[in-house]
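Every number in this text was worked out from the coordinates using simple rules, so none of it is lab data. The model shown is predicted, which means the values in this text are computed figures rather than measured ones. Heads up, the Cβs are rebuilt from the backbone with ideal geometry, glycines too, and the neighbour counts pull from every protein chain shown.
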Amino acid sequence: MSSVLKTIGIIGAGQMGCGIAQVSAQAGYKVHIYDLSQERIESGLATINGNLARQVSSGKMGDGDRKAALALISGSADLNDLAQVDLAIEAATEDESVKRKIYAQVCPVLKPEAILATNTSSLSITRLASATDRPERFMGIHFMNPVPVMKLVELVRGIATEEATFSAAKDYVKSLDKTITVAEDFPAFIVNRILLPMINEAIYTLYEGVGTVDAIDTAMKLGANHPMGPLQLADFIGLDTCLSIMQVLHDGLADSKYRPCPLLVKYVEAGWLGRKSGRGFYDYRGETPVPTR
């Protein structure tokens with residue numbers, strides 16, 4: 001555990017928030033998850049319980065450790081329950097206006113010395129920090145999805161982030177047994193600046209009829225040794241998230257090479273967002289995923 005931080009608050013009980021809660025509790029932190037509805041919290045806690053149970057059955061952890069981790073996690077739909085946390089991590093949807101609204105509500109509740117972090121995958125840390133009452137105690141702690149499996153965390157300082165904030169965040173991430181990479185505050189940081197244009201290019205390859213969904217994914221899995229094809233990965237990330245990151249790159253760097261593929265836009269407009277909505281580049285409604293093109 002970090003010497004400075006003992007209690008972690010997670011804002012958002014989605015896939016990322018629950019993953020961060022799980023790894024924090026496994027590292028011995030007391031964790032409190034906040035979301036708008038008790039229902040979302042219950043569903044998040046059930047996911048965490050399922051993940052830990054799977055680790056027990058595969059022999060990666062003992063049942064005692066599972067119980068100990070679960071005992072450290074609580075959740076509620078009352079913002080005031082975040083008053084005692086040392087570090088609050090916002091893991092809400094990748095939408096700047098939503099994040100700003102959360103900071104306006106959460107900042108008055110947090111104790112003055114608490115650090116506020118965002119798990120944003122692409123938005124400007126400096127700009128988000130300016131919407132808080134503590135830009136010097138604000139930074140990006142970007143976990144990869146799925147959090148319990150992926151070893152990397154990107155740490156991103158804003159222009160105002162103090163050294164003490166950065167060093168507390170580093171200690172926290174190291175205590176989770178994750179590897180840190182430090183990125184400068186440019187659109188989409190390191191991983192997504194490289195990954196998303198590759199996914200976007202794969203979608204263009206499909207759009208222009210160079211190859212089918214199956215051909216493109218097979219080519220990259222076997223030809224570039226990727227564990228998952230780019231279109232399959234896009235479905236896993238969520239096509240709405242892919243589109244919003246491409247838009248952040250396009251707006252922030254004003255280079256036409258980041259223009260989102262029209263086919264990506266069309267799928268998002270159709271509500272075909274990938275695995276979470278049942279259809280994307282693959283149709284997930286049957287027993288095995290079937291390419292939609």
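Shape verdict for the stretch 192-291, please, from the Cα gyration tensor: rounded (a/c under 1.5), prolate (a/b greater than b/c) or oblate.
oblate
Going toward the positive end of the dipole of the stretch 17-134, with +1 on Lys and Arg Cβ and -1 on Asp and Glu Cβ, which of Ser122, Pro112, Val56 do you reach last?
About the Cα centre, the residue reaching furthest to the positive side is Val56.
Note the angle between two axes, namely the Cα long axis of helix 191-207 and the longest principal axis of the Cα atoms of the chain, as a number of degrees from 0 to 90, rounded to the nearest 10.
That works out to roughly 30 degrees.
Along the Cα→Cβ direction, 7 angstrom out, place labels at Asn80 and Tyr207. What is the inter-label distance in nm?
Computed distance between label sites Asn80 and Tyr207 equals 5.0 nm.
In the Gaussian network model of the chain, springs joining C-alpha atoms below 10 Å, which of Asp217, Asp35, Asp235 carries the largest mean-square fluctuation?
Greatest mean-square fluctuation among the candidates belongs to Asp217.
Among Phe189, Phe236, Phe143, which one shows the highest mean-square fluctuation when the chain is modelled as a Gaussian network with alpha-carbon springs under 10 Å?
Of Phe189, Phe236, Phe143, the Gaussian network model singles out Phe236 as fluctuating most.
If you rank Glu90, Glu162, Glu42, Glu208 by fewest surrounding Cβ atoms within 10 Å, what's the result? Can you show the working numbers first?
Numbers: Glu90 24, Glu162 16, Glu42 13, Glu208 10.
In order of increasing Cβ crowding within 10 Å: Glu208, Glu42, Glu162, Glu90.
I'd like the orientation of helix 239-253 relative to the chain: the angle between its Cα long axis and the longest Cα principal axis, in ° from 0 to 90, rounded to 10.
Orientation of helix 239-253: about 90 degrees from the principal axis.
Can you tell me the relative contact order of the chain? Whole percent, Cα pairs under 8 Å, sequence separation 6 or more.
14
What nm distance separates the two modelled labels at Thr292 and Met150, each placed 7 Å from Cα along Cα→Cβ?
2.2
Just grab the label-to-label distance for Ile180 and Thr218, each label 7 Å out from Cα along the Cβ direction, in nm (one decimal).
4.5
Binning at 5 Å from 0, report for the stretch 108-150 what percent of all alpha-carbon pair distances ends up in each bin.
Here the calculated profile for the stretch 108-150 is 5, 23, 26, 19, 13, 11, 3.
Could you work out how far the C-alpha centroid of the stretch 122-147 sits from that of the stretch 90-121, in angstrom?
8
Would you mind ranking His32, His250 so that the residue whose beta carbon has the fewest other beta carbons within 10 Å leads the list?
Exposure proxy ranking, most exposed first: His250, His32.
Straight-line reach from Lys151: which lysines fall under 29 Å, measuring Cα to Cα and dropping same-chain residues less than 8 apart?
Within the straight-line limit of under 29 Å, Lys151 reaches these lysines: Lys6, Lys30, Lys60, Lys67, Lys99, Lys170, Lys174, Lys178, Lys221, Lys276.
Return Thr212, Thr7 ranked ascending by Cβ neighbour count within 10 Å, so the fewest neighbours appear first.
On the way: Thr212 14, Thr7 17.
Exposure proxy ranking, most exposed first: Thr212, Thr7.
Can you give the Rg and Dmax of the chain based on its C-alpha atoms, in angstrom?
Rg and Dmax of the chain, Cα atoms, are 19.3, 55 Å.
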